[in-house]
Amino acid sequence: MRIDVVTLFPDFVRECAAVGVVGRAQQRKLLQVETWNPRDYTTDRHRTVDSSSYGGGPGMVMLIEPLRKTLEVVRNAAPEPAHVIYLSPQGARLTQGRVEALAKLPRIALLCGRYEGVDERLLAHEVDEELSIGDYVLSGGELAAAVIIDAVGRLQDGALNDAQSAEQDSFSDGLLDCPHYAKPVHDALGSVPEVLLSGDHAAIARWRHKQSLGRTWLRRPELLAQRALDAESRALLDEFRREYVTARN
Ligand SMILES: C[S@@+](CC[C@H](N)C(=O)[O-])C[C@H]1O[C@@H](n2cnc3c(N)ncnc32)[C@H](O)[C@@H]1O
């Protein structure tokens, strides 16, 4: 998969994409991240990319022309069509489901805004989708782009050393992940649940599923409301609730 990022801070985006799983995915040629600076597509000697907002008020707006030229170069840089995403607090909220769909595309382009944002006419004509990483305002789209690169990059086939770990992550089946434990078995902070040491794979899978259901019920009940549970899952959740109530009394 190829991700093109249009940004005034290409070094920041490149550095974010160079580390950990995503950096490894790039080294393994599973993911290609390219950056494009709109200042390189200006024609004046100040390399101007912004101007004041019509109607007055504080803050600058990113100009149409440098972005239009940059996006034209981006579109022509590879044969695959680029699905252009503008990172914006006004966009649809990014979810794991959307991440999974984006990860299947051959190519996306991420447009990072700065200042008050981008001239609305460019957004209307050049952008396919607007995505937000949450209901708060960042000073630029670069951190949001880095979030998408990471979330999408780790889902590329072969990026994770154990592909199953993504399948077990929170949200991949609409539930939160179960708790995890490592060495030592006994510690001043507590002991590892016995079932995890039993070697009984069916019992371990059942326990993990019960914990996932229970954590989702405790922490993100709205996720459960969006999901139809089969009879076995309902029984496991009831069991978790009973144990939870008993432990609190
Ligand atoms: C200061 S913000 C502009 C906010 C804009 N005036 C508004 O209120 O909708 C500058 C840039 O940061 C990025 N940004 C800010 N918050 C974001 C969020 N929650 N998700 C994605 N991008 C965001 C966008 O690219 C935006 O153009």
Answer in debye to the nearest 20: the dipole magnitude of the stretch 168-248 about its Cα centre, from +1 Lys/Arg and -1 Asp/Glu charges placed on Cβ, is 240 debye
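Please give the charge dipole size of the chain, origin at the Cα centre, charges +1 on K and R Cβ atoms and -1 on D and E Cβ atoms. Round to the nearest 20 debye.
On the way: 30 positive and 36 negative charges, 63 e Å.
Computed about the Cα centre, the dipole is about 300 debye.
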Using only the Cα atoms of the chain, what are the Rg and Dmax in Å?
22.8, 72
How big is the antiparallel share of DSSP beta bridges in the chain, given as a percent to the nearest 5?
20 percent
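Whats the longest run of the chain with zero chymotrypsin sites (Phe, Trp or Tyr not before Pro) that are DSSP loop and have at most 11 other Cβ atoms within 10 Å?
Numbers: sites that count: Tyr54, Tyr136.
In short, 137-249.
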Could you pull out every one of the lysines with an alpha carbon less than 28 Å from that of Lys210, ignoring same-chain neighbours closer than 8 positions?
Lys183
The chain: most fluctuating residue of Gln26, Gln226, Gln211 per GNM, C-alpha cutoff 10 Å:
Gln226
What trypsin sites (Lys or Arg not before Pro) in the stretch 12-43 are in a loop by DSSP, with at most 15 other Cβ atoms within 10 Å of the Cβ?
Arg28, Lys29
Starting at the first residue of the stretch 60-75, write each ³J(HN,Hα) from the Karplus equation 6.51 cos²θ - 1.76 cosθ + 1.60 with θ = phi - 60°, in whole Hz, x for Gly and Pro.
9, 10, 6, 6, 4, 4, x, 6, 4, 5, 4, 5, 5, 5, 4, 4
Rounded to the nearest 0.05, FRET efficiency between Val195 and Asn249 (Cβ-Cβ, R0 30 Å) equals 0.85
Listed residues Ser165, Val21, Ala188: farthest to the positive end of the dipole of the chain (Cβ charges):
Ala188
Test of the criteria: in the stretch 90-149, which trypsin sites (Lys or Arg not before Pro) are in a DSSP loop and have at most 12 other Cβ atoms within 10 angstrom of their Cβ?
Lys104
How many angstrom lie between the C-alpha centres of the stretch 83-156 and the stretch 1-45?
14 Å
So how far apart, in nm, are the two label points at Arg93 and Ala78 if each is 7 Å from Cα heading toward Cβ?
3.0 nm
Which lysines does Lys29 reach when only Cα atoms under 21 Å apart count, and residues fewer than 8 places away in its own chain are ignored?
Lys104
With unit charges on the beta carbon (Lys/Arg positive, Asp/Glu negative), name the residue among Ala101, Pro179, Ala247 whose Cα is farthest towards the positive pole of the charge dipole of the stretch 98-249.
Ala247
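Quick note: the coordinates plus some simple rules give every number you see, no bench work behind them. Keep in mind that what you see is a predicted model, and the values were worked out from it rather than measured. Because the Cβ atoms are built from the backbone with ideal geometry, glycine has one as well, and the counts that use them run over all protein chains shown.
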